[in-house]
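Asks: Before I ask anything, here is the structure I am working with.
The values are calculated or read from the model by the stated rules, or taken from the named source; none is laboratory data. Model, not experiment: these values are computed from the prediction. Here Cβ is always computed from backbone atoms with ideal geometry, including for glycine, and neighbour counts include all displayed protein chains.
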């Protein structure tokens, strides 16, 4: 009879407190995973913007090697894909342009990249204003450019 009572006790299962603790731990883990996954697309867009900016800066440096100057702000990034008119002239502009594509890419949020010559933060500035399209911001809204803060 005593053996039967002891075996029943060992088969009774978890207490309510143990179940609540396990559910709370699972809820915390689910929240952490969800937050990390939810932010992944924003991080991917920021990474793509950084890569695009670096590609265009490299192309602008090649442009300068050929033509001795960067394109003006007015000539813009289009000078990388079609011979620019106006000043400064591009006498040695490379046939086919300086980018692999036939058009200057848009930023990951569908807006044109911005270009300044002279730049405010570097010799030239190539940048995007992030997801919100406004200067400054945090995370996905942060500006992405060729400068080092």
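Asks: Might you let me know whether segment 30-45 holds any residue that is in a helix (DSSP H, G or I), loosely packed, with under 14 Cβ neighbours inside 10 Å and over 22 Å from the mean Cα position of the chain (by Cα)?
Replies: Within segment 30-45, the subset in a helix (DSSP H, G or I) is 30-45.
Right, trim to loosely packed, with under 14 Cβ neighbours inside 10 Å and you get 30-41, 43-44.
Then drop every residue that is not over 22 Å from the mean Cα position of the chain (by Cα), which leaves 30-31.
Yes: one or more hits.
Asks: With respect to residue 49, is the statement that it is under 30 Å from residue 109 (Cβ atoms), surrounded by 13 or more Cβ atoms within 10 Å (Cβ to Cβ) and modelled with pLDDT of 85 or more true? First the steps, then the outcome.
Replies: Numbers: under 30 Å from residue 109 (Cβ atoms): yes; surrounded by 13 or more Cβ atoms within 10 Å (Cβ to Cβ): yes; modelled with pLDDT of 85 or more: yes.
Against the criterion (under 30 Å from residue 109 (Cβ atoms), surrounded by 13 or more Cβ atoms within 10 Å (Cβ to Cβ) and modelled with pLDDT of 85 or more), residue 49 qualifies.
Asks: Are there any pairs with C-beta distances below 7 angstrom linking a residue in segment 125-149 that is farther than 13 Å from residue 107 by Cβ to a residue that is surrounded by fewer than 19 Cβ atoms within 10 Å (Cβ to Cβ) and at pLDDT below 90, with the two at least 6 apart or on different chains, and if so which?
Replies: Final answer for the pair search is 125/147; 139/42.
Asks: Follow-up question, since we're still on this one. In segment 125-139, how many residues are surrounded by 18 or more Cβ atoms within 10 Å (Cβ to Cβ) and either touching a helix residue (DSSP H, G or I) at 6+ places or on another chain (Cβ under 6 Å) or at pLDDT below 95 (or both)? Full working, then the answer.
Replies: Filtering segment 125-139 down to residues surrounded by 18 or more Cβ atoms within 10 Å (Cβ to Cβ) leaves 125-131.
Okay, now just the ones that are also either touching a helix residue (DSSP H, G or I) at 6+ places or on another chain (Cβ under 6 Å) or at pLDDT below 95 (or both), so 126, 128, 130-131.
Summing the residues that are surrounded by 18 or more Cβ atoms within 10 Å (Cβ to Cβ) and either touching a helix residue (DSSP H, G or I) at 6+ places or on another chain (Cβ under 6 Å) or at pLDDT below 95 (or both) in segment 125-139 gives 4.
Asks: Here is a further query. Is at least one residue of segment 85-93 in a loop (DSSP other than H, G, I, E, B), surrounded by fewer than 13 Cβ atoms within 10 Å (Cβ to Cβ), in contact with a helix residue (DSSP H, G or I) (Cβ under 6 Å, 6 or more places away or on another chain) and at pLDDT 95 or above?
Replies: Checking segment 85-93: at least one residue is in a loop (DSSP other than H, G, I, E, B), surrounded by fewer than 13 Cβ atoms within 10 Å (Cβ to Cβ), in contact with a helix residue (DSSP H, G or I) (Cβ under 6 Å, 6 or more places away or on another chain) and at pLDDT 95 or above.
Asks: Something else about it: Scan segment 66-74 and give yes if some residue there is surrounded by 14 or more Cβ atoms within 10 Å (Cβ to Cβ) and at positive phi, otherwise no.
Replies: The answer is no, given that none of the residues of segment 66-74 is surrounded by 14 or more Cβ atoms within 10 Å (Cβ to Cβ) and at positive phi.
Asks: If you don't mind, there's one more thing I want to ask. What number of residues within segment 46-74 are touching a helix residue (DSSP H, G or I) at 6+ places or on another chain (Cβ under 7 Å) and not in a helix (DSSP H, G or I)?
Replies: 2
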